Each structure stands twice: as structure tokens, then as C-alpha cells.
Ligand SMILES: [Zn+2]
């Protein structure tokens with residue numbers, strides 16, 4: 001069972017270290033998953049604590065589910081590099097970064113596979129898949145069940161503790177430059193677990209116009225963040241304004257933006273006789 005105290009993680013298999021590669025106050029809006037492309041959690045943590053790395057993350061998540069925290073969650077770490085998302089650039093300033101111990105893309109070598117640093121992996125440690133931003137099938141180092149379980153647990157804990165809006169991969173915010181955490185990691189499932197939790201907490205509205213533009217800011221001139229919402233689309237109200245409100249499309253945790261209030265209608269709360277069962281993850 002993990003918990004957070006003074007922006008530091010506490011719980012089984014959690015250790016604290018302090019990286020010098022950090023700076024500035026962080027109010028995170030996003031949670032970003034990575035793989036280390038390294039050979040062990042320990043070696044990756046060592047590197048991310050080395051000033052020469054000029055890189056870091058908040059957490060390194062090992063293959064046994066062990067977690068090494070390198071900086072408190074309210075301090076900026078250097079995991080994203082050149083990156084952008086939802087109109088923001090330099091995502092270090094907006095996100096908590098989790099590095100997962102994983103060798104990344106592997107090369108086929110006879111019956112086995114090798115990593116970029118020369119370690120050999122059996123076929124059972126490999127996932128053959130196409131990256132969502134690539135058309136070619138590649139060999140990816142598999143994550144362990146313990147690691148994936150912890151990744152879910154961390155997302156739920158961090159979303160309950162901080163005003164986070166979305167789960168992202170480095171591959172999403174540095175598209176074309178980065179491929180992590182890659183197709184071996186169930187990023188979509190982590191995102192929907194957290195989106196489900198989010199949507200449970202916010203009032204639901206439905207779109208009553210034929211189509212409703214969803215924009216990056218409460219302004220008719222702001223960019224559209226997604227195709228216009230069709231009549232009947234359900235949204236969760238995240239932030240209510242006088243004329244505009246920030247909403248998230250129900251079931252699509254990655255679609256969030258501002259819509260004009262006049263075209264929304266509240267969905268009546270469920271009848272008290274049938275209280276909504278709260279989905280609770282493991
Ligand atoms: Zn990364």
C-alpha cells in the first residue's frame with residue numbers, strides 16, 4: 001500500500017534518493033510514463049542522480065515493483081526534454097515523470113534478443129508489436145506484472161493526491177523523437193482507469209446541439225482540441241465557468257477542452273434506489 005507524505009512516497013519497496021538534476025516548483029497537471037532503456041532500476045537511478053546526465057525523473061519503477069524516488073512531486077525534474085502537449089511546451093514544468101526499468105527496443109539475434117547495451121533476453125521477455133506512431137513491427141522488452149500493477153497503483157495514488165488531468169507517454173509529448181513507454185506498456189488502460197475515477201467525481205452533462213466545438217481555451221477563437229462533439233455526447237464537467245466550461249469526454253480521458261455552456265444539459269443523477277457502484281481497482 002503506497003501513500004504520499006510531504007510530496008514523498010511511502011510504502012513497501014520504496015526508497016528515497018536525491019537527484020541534483022531538478023529545479024523549480026512543480027504543480028503537475030500530467031503524469032508521464034517512460035522506459036529507461038537501461039539494464040536495471042539501480043543503474044538507471046544512479047545515472048539520473050549523476051549531474052552529467054542532465055536528466056532525471058520523480059520515480060524509477062523497477063521490475064520487482066520496487067520504487068526509487070529521486071525528487072519530491074512538487075519539484076520539477078528533467079524527464080521530458082523538448083516536448084509539447086495541449087498547447088504547452090517544455091512538459092517538465094507540468095508533469096510528474098515515472099521511468100520504468102525496461103530495455104526498450106530489442107534486436108533479434110538467433111533464438112533470443114539483444115538490447116542496445118548488449119544484454120540478451122529470451123523470447124518470453126519480448127513483445128512483438130507495432131508502436132502506435134509507427135507502421136513497422138518491432139521487438140519490445142516486456143514489462144513485468146509487478147511493474148504494471150505498481151504503475152496502475154501509482155497513477156491512482158497520484159491522481160487522488162494532485163490535480164492531474166491526463167496520463168501520457170513520453171512518445172505522446174515528444175512524438176517522432178521518443179518511443180517510450182511503447183506498445184508493451186498498457187498506457188491506455190492506465191489512462192482509462194484514472195479517467196473512470198475522474199469522471200465518477202464530476203457531474204455529467206450531455207451535448208444538446210447538433211455539434212459542439214471543444215476548444216483549448218474559453219474563447220471562440222481558440223484552437224479546437226478534437227473534432228466537434230456530436231449531439232448526445234456525455235461529458236464530465238471539470239471546471240464550470242459563466243459562459244464556458246472545461247469538460248472531459250466520458251470514456252475518452254484524453255479529450256478535454258472548453259465548450260460553450262448553452263449547449264450542455266445536466267444529466268440527472270441516478271435514482272437513489274440504485275446507487276452507482278464505485279469501480280474500485282485492485
Ligand atoms: Zn522517456
Counting residues that are touching a helix residue (DSSP H, G or I) at 6+ places or on another chain (Cβ under 7 Å) and closer than 28 Å to residue 239 by Cα, which strands (runs of 3 or more DSSP E) fully inside region 115-175 reach at least 2? 166-169
Across region 35-50, the tally of residues that are in a helix (DSSP H, G or I) and under 22 Å from residue 74 (Cα atoms) stands at 5
Can you tell me which residue is surrounded by the most Cβ atoms within 10 Å (Cβ to Cβ) among those in region 243-264 that are modelled with pLDDT of 90 or more and within 12 Å of residue 207 (Cα to Cα)? 247
Test: residue in region 162-176 that is surrounded by fewer than 22 Cβ atoms within 10 Å (Cβ to Cβ) and more than 20 Å from residue 85 (Cα to Cα): no
Only one residue in 32, 60, 76 is assigned to a strand (DSSP E or B), within 16 Å of the ligand (Cβ to nearest atom), modelled with pLDDT of 95 or more and farther than 25 Å from residue 142 by Cα. Which one? 76
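Looking at 259, 207, which is the one that is away from the ligand (no atom under 16 Å from the Cβ) and touching a helix residue (DSSP H, G or I) at 6+ places or on another chain (Cβ under 7 Å)?
Values: 259 fails: touching a helix residue (DSSP H, G or I) at 6+ places or on another chain (Cβ under 7 Å).
The unique qualifying residue is 207.
Can you confirm whether region 63-70 contains a residue that is within 13 Å of the ligand (Cβ to nearest atom), surrounded by fewer than 24 Cβ atoms within 10 Å (Cβ to Cβ) and over 16 Å from the mean Cα position of the chain (by Cα)? Steps first, please.
Within region 63-70, the first condition is being within 13 Å of the ligand (Cβ to nearest atom), and the residues that meet it are none.
So far as region 63-70 goes, no, none of its residues is within 13 Å of the ligand (Cβ to nearest atom), surrounded by fewer than 24 Cβ atoms within 10 Å (Cβ to Cβ) and over 16 Å from the mean Cα position of the chain (by Cα).
For region 6-19, does any single residue satisfy the condition of being in a loop (DSSP other than H, G, I, E, B), touching a helix residue (DSSP H, G or I) at 6+ places or on another chain (Cβ under 8 Å) and touching a residue at least 60 places away in the same chain (Cβ under 8 Å)? Show your work before the answer.
Pass one, region 6-19, residues in a loop (DSSP other than H, G, I, E, B): 6-7, 11-13, 17-19.
Subsequent filtering for residues that are touching a helix residue (DSSP H, G or I) at 6+ places or on another chain (Cβ under 8 Å) retains 17, 19.
Okay, now just the ones that are also touching a residue at least 60 places away in the same chain (Cβ under 8 Å), so none.
Within region 6-19, not a single residue is in a loop (DSSP other than H, G, I, E, B), touching a helix residue (DSSP H, G or I) at 6+ places or on another chain (Cβ under 8 Å) and touching a residue at least 60 places away in the same chain (Cβ under 8 Å).
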Answer with yes or no whether residue 142 is farther than 21 Å from residue 78 by Cα, surrounded by fewer than 16 Cβ atoms within 10 Å (Cβ to Cβ) and assigned by TED's automatic domain parsing to the domain that holds residue 55. no
Taking residue 187, is it more than 16 Å from the ligand (Cβ to nearest atom) and touching a residue at least 60 places away in the same chain (Cβ under 8 Å)? no
Could you grab the pairs with beta carbons closer than 6 Å, sequence gap of 6+ or different chains, first residue in region 161-174 and free of Cβ contacts under 8 Å to residues at least 24 places away in the same chain, second one assigned to a helix (DSSP H, G or I) and away from the ligand (no atom under 11 Å from the Cβ)? none
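The values are calculated or read from the model by the stated rules, or taken from the named source; none is laboratory data. On a predicted model such as this, the values are computed, not experimentally measured, just so you know. Don't worry about glycine lacking a Cβ; one is built from the backbone with ideal geometry, like all the others, and counts go over all protein chains shown.
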